[in-house]
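K.L.:
First the structure, which I've put down as structure tokens, then a few questions once you've had a look.
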Amino acid sequence: MSRVTPAEVTAIVATDLDDATIQIWIDGSSAIVDSNAACIGGDEALLTKVELYLSAHNVTLQDPANKGPVTKEKLDVLETTYASAPLVKNSIESTPYGVMANQLAGGCLDDYKKDCATVEFY
């Protein structure tokens, strides 16, 4: 059972996702926190905070309104290029919420920094 609610997540991160979708990401974050609870240590209050920030991190990555970090800006013709969230390497560090979750977890979420698989088409 998750420790946080969609309302608590949306209190710290702006999103256009509906509560049902946010709950899906909360449930996933809760499973990650549960599976790392021994490493994280601390009490239920600490696990709740880790789950909150990890949920905000995951919601931020999934929200279509979140364009991702700027990878290129151009003054002439005013062009801005954003990284696509699924392509961001070290994804736990790609949002301030992921960084906070990992810091609160004492680095126990470092395994989620590993590069994701990539697919290239020729």
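K.L.:
Among 98-107, 33-42, how do they line up by average Cβ neighbours within 10 Å per residue, starting with the highest?
P.N.:
In decreasing order of mean packing, 98-107, 33-42 become 98-107, 33-42.
K.L.:
Counting each pair of different Cα atoms once, what's the Kirkwood radius of region 6-70 in Å, rounded to one decimal?
P.N.:
Evaluated on region 6-70, it is 12.2 Å.
Values quoted throughout were computed directly from the atomic coordinates according to the rules given, and no laboratory measurement underlies them. Here the structure is a predicted model, which is why all the values come from computation and not from measurement. So basically every Cβ, Gly included, is an ideal-geometry build from the backbone, and we count neighbours across all protein chains shown.
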